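The values are calculated or read from the model by the stated rules, or taken from the named source; none is laboratory data. These figures come from a predicted structure and were not determined experimentally. Reconstructed Cβ throughout: ideal geometry from the backbone, glycine too, with neighbour counts over all protein chains shown. To get the accessible areas, we keep the full protein, side chains included, count just its heavy atoms, and leave off ligands, DNA and RNA. Shrake-Rupley method; radii C 1.70, N 1.55, O 1.52, S 1.80 Å.
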Amino acid sequence: MSDYKLIGHNYITPDLVAKVTGQAKYAEDVRADGMLVCRLLGSPMPHARVRRIDASAALAMPGVRAILTADDLPVPPVAAAPSPPPAPGTSPAPAARSGAAGEGGRRGQRAIAVDEHGQPIGGAAPTPAAAAPAGTLVKAEAALTMEPLYEGEPILAIAAVDEPTAVAAIERIAIDFEPLPFVVDPLEGLRPGSPNARREGNVLLQGNRIVELKWTDADFAAAALGQLPAGAVPDGDAWSFGDVDAGFTDAALVVDESFVIPTTSHIPLEPRSAMAYWQNGKLYMHCSTQSLAQSVPAIARYCGISPSQVVLISPYTGGAFGGKNPAYLHVAIPALLAKKTGQPVMMKITRDDEMNIGRSRPGMIGRAKVGFAKDGRITAIDLFVVSDGGPYGRGDHGSGARLASVLYQPKAMRFRGVGVLTNTVPRGSQRGPGMQIAPAMELVISKAARTLGIDQVAIHRINAPAGKAPVGPPQRDGSRRYVTSAFVKEALDKGADLFGWHERKAASGTRHGSKVRGVGVAVGTYSAGSVGYDGLLTIEPDGKLYIQSGCGHLGTNSVFDTTRAAAEALDMPWDKVVITQGDSTRNLPWSCSQGGSQTAHAHTRANWAAGLDAKRKLQEIAAKDLGGRAEDYTVGGERVYRTGAPGRGLTFAQAAKRAIDLGGAYDGHELPSEINAMTKASATALAGRGLMGVAKDTFKHDGDTMSFVAGFAEVEVDVETGEFAVVDYTAVVDVGTVLHPRNCQGQTYGGSLLGMAHAIGHRWVYDRHYGLALARRFYHSKPPSLLDAPRFQWAAVNLPDPETPVGVRGVGEPPVGAAYGAVVNALVDALGDDAFRRTPVMADSVLASFEAGGKPARGALAFHV
Amino acid sequence: MAVIRGSMPSFELFQPTSVDAALALIGRHGAAARILGGGLDTFDALQDRVVQPAALVDLGGIAELQGIREVGGGLEIGAMTTLAEIARHPIVQSQFAVLARAAGAVGSPQIRNQGTLGGNVSQSTRCWYYRSGWTCYRAGGNSCFADTPTAVNREHAIFDLDRCVAVNPSDTAPALVALDAQMVVRSSRGERVVAAEDYFLGPDIDITRMTILDAGDLLTAIRVPATWAGAHFQFEKVRDRKVWDFPLVNIATAMKMSNGIIRDIRLVVNAVAARPRRLHEVENAVRGKPRDAATATLAGELAIKGAQPLRHNTYKVALTRNLVQRAIRG
Ligand SMILES: Cc1cc2nc3c(=O)[nH]c(=O)nc-3n(C[C@H](O)[C@H](O)[C@H](O)COP(=O)(O)OP(=O)(O)OC[C@H]3O[C@@H](n4cnc5c(N)ncnc54)[C@H](O)[C@@H]3O)c2cc1C
């Protein structure tokens, strides 16, 4: 790996100057002649039916051009035919579902199955298709609705010549609502006789079916104060492996605790504004998105048109965190208004709108009962989770259980979960969905460590996954899937050193004035790669390497970083590389959905494949012109030459010209059959420009690619005020070969801070009587600020993953859970085992626990407070 | 009619260059006018369309409202002086450090560069029910949504609850009360000078406003007398985030000591009631006592006498007690 000239080295990404000088244009910066502005009207109630809309006064105002309501939306074509969950072992679901071209999602590839948010589908082995599916089939979430299911859900949009006119017009609209019953707390929604969030029921199953599920009074009565009751769960949300009962019987210690985890909004700094116009039958869409190639079919679906009618321009995205993948369904609003008016339409999304329609991470209550042997080895886990699905979701409990199963390598595990619908903001995958199980598990593990007299690092080490460690529920044949590789022990050892774990631990717990410190460690994980995507590049007669990147530019820079694999394969100096991205008309290849930290892995592979394809073609051309066999030629220094005789060769510029002369596969006039239709169309358009490298990633791959992070935190708590700070944080990442160190570090810091946010302050607050959101502004919802960030240290294990050619795995999501868990453990270390049973931990809960002698506010399992 | 947020309403903007011109404008428009200082309290209320004034009178162009002048050992601070300027002013720092620290603890650097002292003491509450446009007492309605069995009121009042349970969120207000500052208020009827302690109103006096300012009133200056120059000062603010955050509770102390004995003291906490709470009883009890743990304990217990916590803010009682103890203990 040390031989690489590009991989593993820092460089300046090509977007830097535009970003720091403000030249970079985001969707809301775009202007067009005659552009109208549209604004949304959201529901003032948590659940209602719109009986009548009277917009006559609004539409009569000068400057008001059009109104859009749910009636104007395309009927979703797939509502009646929900796709079954892909079988484990298939390629990423997004490709298969998105409709652009199925080849990206061909069966037979071993990869982690992920849904369209990049979330691994880690449910139980599918139950054999037998009885008719239960429940009522419902429509999926739409951009506008006549039955709002949460406060702020958009009911209509008005387009006008400018924003003040649109807003003034909306204020003149009269709507007659019929208020409907609502619920904001999932646990409340399980109580007998409680209202359902939706008329059809309170639990969403796979395939958009809704059932009603209520627990009994006896279920609630059976739970001890402060413990999550364990009532019935839907069939698909339960699995187990190993002998769980024996695991508990044999355990030296069993710890059983319930923990409340907050819902947190994604709050990308760029809200989901979008500008659309039509030209020549095509929709031109400027919006922000996590994934470029994958958003084209998605936008087509949202707007009821075909992918070939969509032109997507999205060179920059100001943050997404899982909430804009692929794009977002509200793009249909400006698109359809533009069609209606014949004018370009900018949909302006305010922060308030974004808090509503932008996504949020599902809150949870997790109850973890864990058995430990004397040495700390986990003998059994019994995990029960209720997640808050919001109005349209299923929650993250399945993913959380899957992560727990790999992180702690239990010998036996049982999982039960249920996602309950609530009339609160819609949930979606947020960076590391499911990672929020971390505090529920970590609290139990660090408590066990203290009880058994084992060091926190040691207890994580003894339970750490290593090598091809098993992951997730059993499959149909009873076997379990496994990861491609895991070097967690190495990460823990390196981190303990770097952080100075033992010295800090020795000092923890000692009081300095009113201050006390605590230390904590935790391991985080997430999926970190998929396979089977395409790479596309040309070496042109100017001697340069042109790499097409179909990835979205969501701020992670994987859109650029992954292209370095192609340049590396060709030994091409970086200053001769030109990257094209951000615009679907610019001949981009089919690319992965940028969720699930797939991109770094998927596209180093795809680019490596394209690079190797070009390299082979260079060698073949040289052999044709200069004699000998292709294998006799070396590619390097922008030339292809006879091995051992550097004088006998062609420059890349000459080879590019020869490729054009030769035609056929050399310049892209003949294409491999296995590439995706989008790649094929792009390659066809580029044919004849030079020597083409084009290939689908068919490299071998055995296991589920996952990355790991060991996080170490130190907190300092003022016991008189309850204020605390995370003073130090060290993260050591096991992400295979480090692709771009500075970026890897940046991703680790950002992901860690997001994880900490859940521990130290970020929250959603609802008034449950009215069902309305209170924490609408940042000073209410309190995501951490710059000054809340600790001193960070970063290092990488930097051992290549054996199941991918350049050894790279993804890094975006695994840091989140590690930081969340480590900070929770540090707080417990400082405050005591029983100081809290929910996050965020804030001054009030710290003080309250001190006042009560270290006891948590027991019996308070409420959400959103 | 439908409610939409996040958009500036239309208004007429006036930018007078003298106090007299400003007074004429606000006199002319009466209750339809709103005074604009730094705008940090005003703009989000406007954006939420909770207030829709016909006229906005921007004080930014009035030179006589700017700056800090020395007057007889004390200071006269123009109402439009920014919090950043106050926080870094050498005399404020050396003689009235409690004010420098309070101003320096406000929000964030951006907020301090833009926010003014006049605006900071005249700002409205941040009660999230009120600010979100709920029709509560303070907004002219007839209930308080923050004081119901399901209300989330972690950031609300523990003292002087009277229908409304909102708190005053200002960091500089308690410091000015501790310094016995005088507020200079002008209107077309003339000038009056009011002690900082009397500038703020609780819901018992007027539930719809937080200061004595009436339509047509302009706060022109804040006078800090020499009385407490160079005293022992403390300012402490407890908040959830280290920046961009209002106080959960803050405390400002001015103390005169000799031979370890507290000779005189003014002690003020804020964010526990609708107005900064001067702890007269504590002041009286500790005057003449040594600055030690016993005095601190006594002060802490006295400080929370009569507290009436709501469902989610019991912690503020302990917090107030501990902050008072710390202020006395040093
Ligand atoms: C995110 C955020 C965080 C904040 N955090 C804090 C904090 O931690 N601590 C804190 O103390 N404050 C905080 N603030 C408030 C901020 O510090 C401002 O000081 C305050 O909002 C008002 O100051 P301003 O100059 O912007 O006044 P404006 O918003 O312009 O005015 C505020 C009010 O005072 C009136 N007014 C202004 N000047 C005069 C005058 N001369 N005469 C008569 N009436 C006048 C206005 O009409 C208005 O009603 C925060 C604000 C924000 C937005």
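Summary table
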{"quantity": "Residue match in the range B:63-75 (condition: within 30 Å of A:Val167 (Cα to Cα) and within 11 Å of the ligand (Cβ to nearest atom))", "calculated": "no"}
{"quantity": "The range B:131-160: number of residues that are under 27 Å from B:Val268 (Cβ atoms), more than 14 Å from chain A (Cβ to nearest Cβ) and touching a helix residue (DSSP H, G or I) at 6+ places or on another chain (Cβ under 7 Å)", "calculated": "1"}
{"quantity": "Residues that are under 20 Å from A:Lys25 (Cα atoms) and open to solvent by 20 Å² or more (accessible area, probe 1.4 Å), drawn from the range A:286-317", "calculated": "A:His286, A:Ile313, A:Pro315, A:Tyr316"}
{"quantity": "A:Ala218 being more than 30 Å from A:Gly34 (Cα to Cα) and in a loop (DSSP other than H, G, I, E, B)", "calculated": "no"}
{"quantity": "Qualifying residue in the range A:747-764 (condition: in contact with a strand residue (DSSP E or B) (Cβ under 9 Å, 6 or more places away or on another chain) and part of a strand (DSSP E or B))", "calculated": "no"}
{"quantity": "Filter result (surrounded by 14 or more Cβ atoms within 10 Å (Cβ to Cβ), hydrophobic (A, V, I, L, M, F, W, C) and more than 21 Å from A:Pro268 (Cα to Cα)) within the range A:6-26", "calculated": "A:Leu6, A:Ile7"}
{"quantity": "Subset tally (residues that are within 14 Å of chain A (Cβ to nearest Cβ), more than 8 Å from the ligand (Cβ to nearest atom) and more than 27 Å from B:Leu310 (Cα to Cα)) for the range B:101-130", "calculated": "3"}
{"quantity": "Given (1) modelled with pLDDT under 90; (2) more than 13 Å from chain B (Cβ to nearest Cβ); (3) within 18 Å of A:Leu228 (Cβ to Cβ), number of the condition A:Ala857 does not satisfy", "calculated": "(2)"}
{"quantity": "All positions within the range A:68-79 that are at pLDDT below 95 and of a type outside the set (Gly, Ala, Ser)", "calculated": "A:Pro74, A:Val75, A:Pro76, A:Pro77, A:Val78"}
{"quantity": "Those helices (runs of 4 or more DSSP H) lying entirely in the range A:768-852 with at least 3 residues among the aliphatic types (A, V, I, L, M)", "calculated": "A:814-831, A:843-851"}
{"quantity": "Set A:Gly467, A:Gly472: member being at pLDDT 95 or above and surrounded by 24 or more Cβ atoms within 10 Å (Cβ to Cβ)", "calculated": "A:Gly472"}
{"quantity": "Failed condition for A:Phe712, given (1) away from every other protein chain (no Cβ under 14 Å); (2) open to solvent by 10 Å² or more (accessible area, probe 1.4 Å); (3) under 30 Å from A:Met842 (Cα atoms)", "calculated": "(2)"}
{"quantity": "Failed item, numbered, when A:Thr721 is tested on (1) free of Cβ contacts under 8 Å to residues at least 24 places away in the same chain; (2) at the interface with chain B (Cβ under 8 Å from one of its Cβ atoms)", "calculated": "(1)"}
{"quantity": "Any pair with Cβ under 6 angstrom, 6 or more apart, that starts in the range A:401-415 at a residue that is farther than 15 Å from A:Arg377 by Cβ and ends at one that is modelled with pLDDT under 95", "calculated": "A:Arg402/A:Gly122"}
{"quantity": "Residues located in the range A:658-669, provided they are out of contact with any Gly (no Cβ under 8 Å at 6 or more places or on another chain) and in contact (Cβ under 8 Å) with a residue 24 or more places away in the chain", "calculated": "A:Arg658, A:Leu662, A:Ala665, A:Tyr666"}
{"quantity": "Matching residues, the range A:759-796, being open to solvent by less than 20 Å² (accessible area, probe 1.4 Å), within 16 Å of A:Ala731 (Cβ to Cβ) and not small (Gly, Ala, Ser)", "calculated": "A:Pro790"}
{"quantity": "Considering residues of the range A:158-182 that are assigned to a loop (DSSP other than H, G, I, E, B) and away from chain B (no Cβ under 11 Å) only, the residue surrounded by the most Cβ atoms within 10 Å (Cβ to Cβ)", "calculated": "A:Phe182"}
{"quantity": "Test for B:Arg186: is it within 14 Å of chain A (Cβ to nearest Cβ), open to solvent by 10 Å² or more (accessible area, probe 1.4 Å) and touching a helix residue (DSSP H, G or I) at 6+ places or on another chain (Cβ under 7 Å)", "calculated": "no"}
{"quantity": "Every residue from the range A:327-366 that is closer than 28 Å to A:Gly419 by Cα and assigned to a loop (DSSP other than H, G, I, E, B)", "calculated": "A:Ala327, A:Tyr328, A:Gly358, A:Arg359, A:Pro362, A:Gly363"}
{"quantity": "Residues of the range B:12-58 classified as within 14 Å of chain A (Cβ to nearest Cβ), within 21 Å of B:Gln114 (Cα to Cα) and part of a loop (DSSP other than H, G, I, E, B), total", "calculated": "3"}
{"quantity": "Residue match in the range B:181-194 (condition: under 28 Å from B:Gly141 (Cβ atoms), assigned to a strand (DSSP E or B) and in contact with a Ser or Thr (Cβ under 8 Å, 6 or more places away or on another chain))", "calculated": "no"}
{"quantity": "Top-ranked residue in the range B:215-235 [being within 16 Å of the ligand (Cβ to nearest atom) and open to solvent by 40 Å² or more (accessible area, probe 1.4 Å); ranked as nearest to the other protein chains (Cβ to nearest Cβ)]", "calculated": "B:Ala215"}
{"quantity": "Count - residues of the range B:226-240 that are under 24 Å from B:Val193 (Cα atoms) and under 18 Å from the mean Cα position of the chain (by Cα)", "calculated": "0"}
{"quantity": "Residue within the range B:238-259 that is of a type in the set (Ser, Thr, Tyr), open to solvent by less than 10 Å² (accessible area, probe 1.4 Å) and within 14 Å of chain A (Cβ to nearest Cβ) present", "calculated": "no"}
{"quantity": "Filter pass, A:Tyr482 being modelled with pLDDT of 95 or more, part of a strand (DSSP E or B) and in contact with a helix residue (DSSP H, G or I) (Cβ under 8 Å, 6 or more places away or on another chain)", "calculated": "no"}
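Each row is one residue, and each column tells you yes or no for (1) within 24 Å of A:Asp583 (Cβ to Cβ); (2) open to solvent by 20 Å² or more (accessible area, probe 1.4 Å); (3) modelled with pLDDT under 95; (4) part of a loop (DSSP other than H, G, I, E, B).
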position: A:Glu28; (1), (2), (3), (4): yes, yes, no, no
position: A:Arg31; (1), (2), (3), (4): yes, yes, no, yes
position: A:Arg39; (1), (2), (3), (4): no, no, no, no
position: A:Pro44; (1), (2), (3), (4): no, yes, no, yes
position: A:Val50; (1), (2), (3), (4): no, no, no, no
position: A:Ile53; (1), (2), (3), (4): no, yes, no, no
position: A:Met61; (1), (2), (3), (4): no, yes, no, yes
position: A:Ala66; (1), (2), (3), (4): no, no, no, no
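Let's see how each residue does on (1) among the polar types (S, T, N, Q); (2) over 28 Å from the mean Cα position of the chain (by Cα):
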| position | (1), (2) |
| --- | --- |
| A:Arg639 | no, yes |
| A:Arg648 | no, yes |
| A:Ser673 | yes, yes |
| A:Met678 | no, no |
| A:Ala685 | no, yes |
| A:Ala695 | no, no |
| A:Ser707 | yes, no |
| A:Val726 | no, no |
